[in-house]
Amino acid sequence: MEVSPETSATSTPGRARRADMKIGIIGAGNIGGNLTRRLTALGHDVSVANSRGPHTLKELADETGATPVRAEEAARGAEIAVVTVPLKAVPDLPSGLFDEAADGLAVIDTGNYYPQRDGRIAGIEDEGLTESRWTARQIGHPVVKAFNGTYAQDLLDRHRPAGDPERMALPVAGDDEAAKRKVRDLIEELGFDTVDAGGIDDSWRQQPGTPVYGLRGGVGAVTRALAEASPERPEEFRG
């Protein structure tokens, strides 16, 4: 993880693999870096950006074959974009970030609100917005919440083929069903099952401090953890 109602679940053995998809990753920390490694290994065309400029990504680019770009270029032509930056940095992302993306762009939000790091965010604390609803408003584009409770190293070490009894499941929340399906397909290609966690206003069920956050479990365990979540934000995650 960073620091890298009923739900329905799917495991889709035999689903056709989608190769050579254009994917933009904005943020090259633990989660962003390891997604870059896995997605390029799967044959996708990955552009990756951070706040310090493409020259600082040469080592990652040399390792993976990803294209280092400026943040404002990361989503150009992308079918999927991943926003994986600290919440405090979200308002500073370039305007028009997704203007040149492909039609039907799905934006993945991996972020978590840590008040000790991000400062107090009134929209989350006072208005009661979920973290991803707040992020979507800042960037002006709907998001799909995924990977926010996933340990970055697990992306490299814990992927398994469909049907493997040790295959982990990840919760995925979003309002746009087509975008959510695209993200779930990608996660399943990465070697994890998925559980539909509802819409973005339901995504509090997978925020920090909830039973599913950091859970290494299968579909059944993740489904139960989502159902057991409380909408009350834990004290340690309040500003």
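The values are calculated or read from the model by the stated rules, or taken from the named source; none is laboratory data. As the structure is a computational prediction, the values presented were derived from the model and not from experiment. In this analysis, Cβ positions are derived from the backbone assuming ideal geometry, glycine residues included, and neighbour counts consider all displayed protein chains. The area values use the complete protein model at the heavy-atom level, side chains included, leaving out ligands, DNA and RNA. Shrake-Rupley method; radii C 1.70, N 1.55, O 1.52, S 1.80 Å.
A few points about this structure:
- The label-point distance for Glu177 and Asp92, in a model that sets each label 7 Å from Cα toward Cβ, rounds to 4.0 nm.
- Using a probe radius of 1.4 angstrom, the carbon and sulfur fraction of the accessible surface of region 99-239 is 46%.
- Size of electric dipole in region 71-194: Cβ of Lys, Arg +1 and of Asp, Glu -1, about Cα centre, debye, nearest 20: 260
- For region 166-221, GluC sites (Glu not before Pro) meeting the loop criterion (DSSP other than H, G, I, E, B) and having at most 14 other Cβ atoms within 10 Å: Glu166.
- In nm, spacing of pseudo-spin labels at Asp20 and Ala162 (7 Å Cα→C-beta vector): 2.2
- Rounded to the nearest 500, the helix-only mean residue ellipticity at 222 nm of the chain stands at -7500 deg cm²/dmol, with each DSSP H run of n ≥ 4 adding -39,500 (n - 2.57).
- Here's how it looks for Val48: its modeled amide H is under 5 Å from those of Ile25, Thr67, Val69, which are all 5 or more places away or on a different chain.
- The trypsin sites (Lys or Arg not before Pro) of region 134-239 meeting both criteria, a DSSP state outside H, G, I, E and B (loop) and at most 14 other C-beta atoms within 10 angstrom of the site's C-beta, are Arg216, Arg238.
- Only protein heavy atoms count here; on that basis, with a 1.4 Å probe, Tyr151 has an accessible area of about 90 Å².
- Only one residue of Thr110, Gly220, His141 has its Cα farthest out toward the positive end of the dipole of region 83-239, where Lys and Arg carry +1 and Asp and Glu -1 on Cβ, and that residue is Gly220.
- For Ala81, the amide hydrogen comes within under 5 Å of the amide hydrogens of Gly24, Ala106, Val107, Ile108, counting only partners 5 or more places away or on other chains and with H modelled in the peptide plane.
- For region 112-158, the list of GluC sites (Glu not before Pro) that fall in a loop by DSSP and count at most 11 other C-beta atoms within 10 angstrom reads Glu127.
- Dipole magnitude for the chain: about 400 debye, using +1 per Lys or Arg Cβ and -1 per Asp or Glu Cβ, origin at the Cα centre.
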